[in-house]
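Accompanying notes for the structure given below.
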Amino acid sequence: MSTITNRTLRSLLCVVVLAAVAMPALAQPTLEWSASSNPGNYTYRQYGTSVGTDAAGNVYSAGYTYNSSTRYDYVVVKYNSTGTTQWARTYTGACTTGYDYPYGLAVAPNGMVVVTGYGYEADCSGYDAVTVAWDTNGNRVGTDHFNGSGNSTDYGRGVTEQLAAAGDQK
């Protein structure tokens, strides 16, 4: 029979204490709410790409959905802190036979939500970076496109809260 030394006991006690301290950090998160939205009653292929929150606890979700007449369109939904849909909006680019994909979302301190991505725009010849802004009530307040040199493909991949706030100053 082996003897347990004080050093072994101290080591074992440290492991037990560390495990007890770490357990709350490893606990499973609790689902507060879940929700989905289908603005425009799209019936096929809906994808989420980004999410953001504001100081009031509202949650904003961006993604895209398929419509047989306009192809893929931006979808932006605002949920309150309990998961109730406040508003849902879509954006279809100028070229309705193209594809519009949002990738980045940011919320300004005043609740303005800015979404950037890419889509076929005016001349339908290639992808342009497209940024769209909605106010806290879901009114579209701006749309901007970027078509780089040579009419090449341009992507919007992200937007920051600072940029969203700066856009509100225009």
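The values are calculated or read from the model by the stated rules, or taken from the named source; none is laboratory data. Keep in mind it's a predicted model, so treat the numbers as computed, not measured. All Cβ positions, glycine included, derive from the backbone under ideal geometry; neighbour counts span all protein chains shown. Side chains are part of the model used for accessible areas, which takes the heavy atoms of the whole protein and leaves out ligands, DNA and RNA. Shrake-Rupley method; radii C 1.70, N 1.55, O 1.52, S 1.80 Å.
Criterion first (part of a strand (DSSP E or B) and open to solvent by 20 Å² or more (accessible area, probe 1.4 Å)) does Y74 satisfy it? No, not satisfied. On the given criteria, is V115 buried (at least 21 other Cβ atoms within 10 Å of the Cβ), β-branched (V, I, T) and in contact with a His (Cβ under 9 Å, 6 or more places away or on another chain)? No; evaluated as a whole, the condition is false for this residue. Applying a threshold of 7 Å to beta carbon distances and a minimum spacing of six or more residues, or different chains, the list of pairs starting in the range 46-72 at a residue that is farther than 16 Å from Y91 by Cβ and ending at one that is open to solvent by less than 80 Å² (accessible area, probe 1.4 Å) and part of a loop (DSSP other than H, G, I, E, B) reads D54/G111; G57/S81; N58/N80; N58/S81. Scanning the range 49-60 for residues that are within 13 Å of L105 (Cα to Cα) and open to solvent by 40 Å² or more (accessible area, probe 1.4 Å) gives T49, V51, T53. Every condition in (1) in contact with a Ser or Thr (Cβ under 6 Å, 6 or more places away or on another chain); (2) more than 12 Å from Y60 (Cβ to Cβ) holds for V141 except the one numbered (1). Checked against (1) over 30 Å from S125 (Cβ atoms); (2) open to solvent by 20 Å² or more (accessible area, probe 1.4 Å), N67 meets all criteria but (1). Taken over the range 59-76, the criterion of being more than 28 Å from L31 (Cβ to Cβ) and modelled with pLDDT of 85 or more is satisfied by Y72, D73.
Evaluation of G117 against the conditions (1) without any contact (Cβ under 8 Å) to a residue 60 or more places away in the chain; (2) part of a strand (DSSP E or B) shows that the sole unmet condition is (1). Evaluating Q28 against the criteria (1) at pLDDT 80 or above; (2) part of a loop (DSSP other than H, G, I, E, B); (3) open to solvent by 80 Å² or more (accessible area, probe 1.4 Å) leaves one unmet condition, (1). Among the residues of the range 77-90, some residue qualifies, meaning at least one is touching a Ser or Thr at 6+ places or on another chain (Cβ under 7 Å), of a type in the set (S, T, N, Q), open to solvent by 20 Å² or more (accessible area, probe 1.4 Å) and at pLDDT 85 or above.
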